[in-house]
Structures are given as C-alpha cells and as structure tokens.
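Q: Mind having a look at this structure? Questions to follow.
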Amino acid sequence: MNVPHTLGYRFPAEWEKHEATWLTYPYLDDSFPGKLETIYVSYIEFIKQISLGEKVRINVSDQLHKQKLISQLYVAGVNLSSVEIFMNGTNDVWCRDHGPAFIVNPDAKEKKAIVSWEFNAWGGKYPSELDNQIPDKIAGYFKLPIYHPGIVMEGGSVEFNGKGVILTTRACLLNINRNAKLTQAQIETCLCDYYGASQILWLGDGIVGDDTDGHIDDITRFVSEDTVVTVVETNEYDENYQPLQANLEELKKMRLLNGKQLNIIELPMPNPQYWEGRRLPASYANFYIANSSVVVPTFRCIQDEIALEILSKIFPDRNVVGIDSVDIVWGLGSFHCLSQQEPAV
C-alpha cells in the first residue's frame with residue numbers, strides 16, 4: 001500500500017509558510033458555558049492578527065452565524081477579502097483536532113493532500129460525528145487527495161520540527177480511550193507512514209485540567225529543527241510542578257537522529273486559572289505561529305510579559321502578540337487548539 005511517506009509527503013513545521021489558517025467559529029453555549037459571548041473579542045482579534053499575513057478559512061455552522069461573524073469582523077476592522085467562510089457544521093470549535101491535517105510534496109503531481117484521522121472527541125467525552133466529517137468535506141471542496149489511516153488522532157497531540165521528528169505524549173496517544181488495540185510501535189508506524197516522519201519522541205503527562213488527556217501543545221513546542229520551548233512550574237506545591245519537571249528531564253535526555261541534543265528554552269506557567277472551582281489548562285505553550293505573527297494566550301498576570309519577551313527573542317521575524325485568553329481557556333483550550341495551518345506549496 002502506498003502511504004504518504006513512501007510518496008514523499010510530509011507534515012511541515014508550523015513556522016513554514018502557510019497558504020491559510022483554518023478555524024471553526026464558536027457557536028455553542030456548551031463549549032464555553034456562561035462565557036460564549038465574552039470570548040468573541042479575543043477570538044476576532046485572533047482572526048485579525050492571522051489575516052495580516054495569510055488567508056483565514058473559517059468553518060461556520062449556518063447562515064445566522066455566518067452573518068454574525070461577518071458583522072464582528074467588519075466592526076473589528078478585519079480585511080474581509082482575507083477571510084473565506086465555509087458552511088461546515090461542527091460539534092465544537094477546536095479545529096486543531098477536527099480540522100484537516102495537510103501534508104505536502106512539492107515534487108508530486110498533487111502537491112498537497114489531507115490526512116483524515118478518526119476523531120472521537122478526546123476518548124469519547126463529547127459528540128464528534130460532525131467534527132469527524134470536516135477533513136473529507138474540505139478535501140472534496142478543494143479536490144485534494146485524502147488518506148484515511150483508520151486510527152484515532154488529534155492535531156493537538158503531535159508536534160513537528162518539519163525534518164521528520166514528531167513529539168507527543170504517552171498520556172494521550174497510549175490512552176486506551178484512543179486506540180486500545182494498538183501497541184506503541186504500531187502507533188509510531190502509523191505516525192511515520194502518514195505524517196512523513198522518521199522519529200517519534202515521547203513525553204509523559206500533560207497539565208492539570210486538560211481534558212484531552214495530555215496534549216503536547218500545552219506543554220512542549222518545537223520552535224526550530226532542534227529547539228523546543230517547554231513550560232515549567234516553579235511553585236513546587238503546584239499540581240503541575242512534578243509532571244512538568246519530569247517532562248523537562250525527559251527532554252534533556254532526548255537525542256535527534258543525528259545524535260544532537262535538543263536545545264531547550266523554558267517558559268513560565270501563568271498563575272493558576274479557575275472557573276466554577278475547576279482548574280483550567282492555562283499555558284503559554286498554546287501559542288500559534290502564523291506567517292506574520294505569533295499569537296500567545298495571556299492570563300492577566302505578571303508571567304504574561306515574561307512569556308512574551310521569551311517568545312519575541314525566538315521569533316524576531318514575527319510580531320509576537322498577546323491576546324487575553326482568560327475566558328477562552330474556560331473552553332479547555334486556547335489559540336493553538338483553535339487553529340490548524342494549511343501550508344503553502
């Protein structure tokens with residue numbers, strides 16, 4: 001069987017040039033109970049920042065919400081010619097996980113293709129029937145080849161350096177609520193076959209409050225071929241202290257295929273965020289790298305400026321922008337979870 005890897009396809013790093021960024025418009029109260037209307041200011045600002053350097057393609061559930069979105073964009077001064085709206089119904093807003101996984105091969109006849117993993121809403125926690133159809137709908141619209149590995153996978157569970165290395169977590173991908181019948185080796189083979197990778201690096205647990213069972217994009221991110229940023233909690237009495245220290249130690253032991261050690265840059269964690277007594281998965285690692293900007297979630301605490309300064313030094317060619325995520329994180333995600341890049345070829 002010809003899988004994408006044997007055909008020369010790969011999943012690019014997020015900092016490589018995009019044609020567009022895909023989003024899904026939030027419309028369900030259940031996604032942000034009691035806070036849906038309050039998230040739109042930050043959400044529309046996110047769209048505005050992305051649109052300064054690339055197209056923004058947005059899934060919208062119906063005509064009513066399409067008109068609401070257009071009105072919000074107009075009021076915020078977003079260039080509407082940079083925004084394309086698609087009538088695709090969804091169960092939720094987290095496009096990183098239900099959106100299309102774009103792979104590329106500039107030398108192929110079809111330079112771009114989509115991988116459509118099975119999406120079961122983080123282990124069957126929520127409805128997912130509509131979300132699971134999104135990659136096929138988008139492939140059909142753009143007449144792109146599409147591959148169906150037949151296993152459960154989410155975009156937020158994998159992180160790429162663009163040179164054949166994938167970083168993920170055991171807590172998520174080896175969870176029995178995803179692919180109970182597959183071994184770690186079988187999952188690695190599938191990741192390599194369909195993402196065009198050659199090496200899988202595994203970390204342990206995610207942060208407290210993350211209902212995805214430990215997505216990598218809340219803890220450790222590639223920022224270059226051999227450099228990662230990773231969040232570290234300095235308060236040893238905080239619930240996140242031990243798991244993040246354990247991940248830091250594992251990162252220090254990792255070696256790339258060429259034997260090189262990872263460059264590790266530490267990011268702080270924000271002050272703990274709670275809503276209705278629940279600890280929320282607030283993390284500066286959930287930033288999104290767009291063509292002209294890096295959008296970073298902020299949480300109204302002193303660590304915001306520290307995180308923004310660190311990331312500004314890492315991305316001198318992009319405008320590093322903090323956008324308030326105090327209300328958005330009540331949905332148990334932030335800007336990286338909301339978005340999925342479509343690479344340019």
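The values are calculated or read from the model by the stated rules, or taken from the named source; none is laboratory data. For clarity, every value in this text was computed on a predicted model and none was experimentally measured. Here the Cβ positions follow ideal geometry from the backbone for every residue, glycine too, while neighbour counts run over all protein chains shown.
Q: Taking interchain pairs and intrachain pairs at least six residues apart, which have beta carbon atoms under 6 angstrom, with the first residue in the range 197-215 and without any contact (Cβ under 8 Å) to a residue 60 or more places away in the chain and the second of a type in the set (A, V, I, L, M, F, W, C) and assigned to a loop (DSSP other than H, G, I, E, B)?
A: Listed by first residue and then by second, the contacts come to GLN199/LEU257; LEU201/MET254.
Q: Also: Exactly one condition in (1) under 29 Å from LEU280 (Cβ atoms); (2) under 24 Å from the mean Cα position of the chain (by Cα); (3) modelled with pLDDT of 95 or more is not met by ALA76; state its number.
A: Status for ALA76: all satisfied but (2).
Q: If you check THR6, THR24, THR38, which single one turns out to be more than 16 Å from PHE287 (Cα to Cα), at pLDDT 95 or above, in contact with a strand residue (DSSP E or B) (Cβ under 6 Å, 6 or more places away or on another chain) and not aromatic (Phe, Trp, Tyr)?
A: None of the other options fit; the residue is THR24.
Q: The conditions are (1) surrounded by fewer than 17 Cβ atoms within 10 Å (Cβ to Cβ); (2) touching a Gly at 6+ places or on another chain (Cβ under 9 Å); (3) at pLDDT 95 or above; (4) not basic (Lys, Arg), and PRO297 fails exactly one of them. Which is it?
A: (1)
Q: Which of the residues belonging to the range 300-345 are in contact (Cβ under 8 Å) with a residue 40 or more places away in the chain, in a helix (DSSP H, G or I) and touching a Gly at 6+ places or on another chain (Cβ under 6 Å)?
A: Residue satisfying the conditions is CYS337 alone.
Q: Looking at (1) under 17 Å from the mean Cα position of the chain (by Cα); (2) surrounded by fewer than 24 Cβ atoms within 10 Å (Cβ to Cβ); (3) of a type outside the set (Val, Ile, Thr); (4) under 18 Å from GLY214 (Cα atoms), which is the one condition that is false for ASN291?
A: (4)
Q: A further question follows. Can you tell me how many residues in the range 148-176 are part of a loop (DSSP other than H, G, I, E, B) and either farther than 14 Å from VAL228 by Cα or basic (Lys, Arg) (or both)? It would help to see each step written out before you state the result.
A: Of the residues in the range 148-176, the ones part of a loop (DSSP other than H, G, I, E, B) are 148-151, 153-154, 158, 161-164, 174-175.
Subset that is either farther than 14 Å from VAL228 by Cα or basic (Lys, Arg) (or both): 148-151, 153-154, 163-164, 174-175.
Within the range 148-176, residues that are part of a loop (DSSP other than H, G, I, E, B) and either farther than 14 Å from VAL228 by Cα or basic (Lys, Arg) (or both) number 10.
Q: Please pick out the residue among ALA344, ALA307, ALA285, ALA290 that is small (Gly, Ala, Ser) and under 13 Å from GLN49 (Cβ atoms).
A: ALA290
Q: Specify the residue that is surrounded by the most Cβ atoms within 10 Å (Cβ to Cβ); the eligible residues are those in the range 27-58 that are closer than 17 Å to LEU130 by Cβ and over 16 Å from the mean Cα position of the chain (by Cα).
A: Only one residue tops the list, namely SER31.
Q: If you don't mind, another one. Return the pair list, or none, for Cβ contacts closer than 9 Å from residues in the range 125-143 that are in contact (Cβ under 8 Å) with a residue 40 or more places away in the chain and surrounded by 14 or more Cβ atoms within 10 Å (Cβ to Cβ) to residues that are assigned to a helix (DSSP H, G or I) and of a type in the set (Phe, Trp, Tyr), at least 6 apart or on different chains.
A: The qualifying pairs do not exist here.
Q: Looking at (1) surrounded by 14 or more Cβ atoms within 10 Å (Cβ to Cβ); (2) over 23 Å from THR90 (Cα atoms); (3) among the polar types (S, T, N, Q), which is the one condition that is false for GLN186?
A: (1)
Q: Moving on. So LEU191 clears everything in (1) in contact with a helix residue (DSSP H, G or I) (Cβ under 9 Å, 6 or more places away or on another chain); (2) surrounded by fewer than 20 Cβ atoms within 10 Å (Cβ to Cβ); (3) in a helix (DSSP H, G or I) except one condition, right? Which one?
A: (2)
Q: In addition: Kindly provide the set of residues from the range 265-299 that are in a strand (DSSP E or B) and of a type in the set (A, V, I, L, M), ordered by number.
A: Applying the first criterion (in a strand (DSSP E or B)) to the range 265-299 yields 265-268, 274-275, 278-279, 288-289, 293-298.
Matches in the range 265-299: ILE265, LEU267, ILE289, VAL294, VAL295, VAL296.
Q: Can you tell me how many residues in the range 103-121 are surrounded by 18 or more Cβ atoms within 10 Å (Cβ to Cβ) and either of a type in the set (Gly, Ala, Ser) or over 20 Å from TYR194 (Cβ atoms) (or both)?
A: Residues that pass the stated criteria total 3.
Q: Quickly run through the range 77-98 and pick out the residues that are of a type in the set (Gly, Ala, Ser) and more than 25 Å from LEU332 (Cα to Cα).
A: GLY77, SER81, SER82
Q: Okay, moving on. Working carefully through the options ALA108, ALA171, ALA121, find the one that is over 19 Å from GLU342 (Cα atoms), of a type in the set (Gly, Ala, Ser) and touching a Gly at 6+ places or on another chain (Cβ under 8 Å).
A: Being over 19 Å from GLU342 (Cα atoms), of a type in the set (Gly, Ala, Ser) and touching a Gly at 6+ places or on another chain (Cβ under 8 Å) holds for just one of ALA108, ALA171, ALA121, which is ALA171.
Q: Does the range 35-73 hold any residues that are of a type outside the set (Val, Ile, Thr) and within 17 Å of ASP324 (Cα to Cα), and which are they?
A: Across the range 35-73, the qualifying residues are LYS35, LEU36, GLU37, TYR40, SER42, TYR43, GLU45, PHE46, LYS48, GLN49.
Q: Let me ask you something else. What do you reckon, is TYR147 buried (at least 21 other Cβ atoms within 10 Å of the Cβ), more than 18 Å from ASP213 (Cβ to Cβ) and of a type in the set (Ser, Thr, Tyr)? Give the steps one after another, and end with the answer.
A: Working: buried (at least 21 other Cβ atoms within 10 Å of the Cβ): yes; more than 18 Å from ASP213 (Cβ to Cβ): yes; of a type in the set (Ser, Thr, Tyr): yes.
Judged against the criteria, TYR147 is a match.
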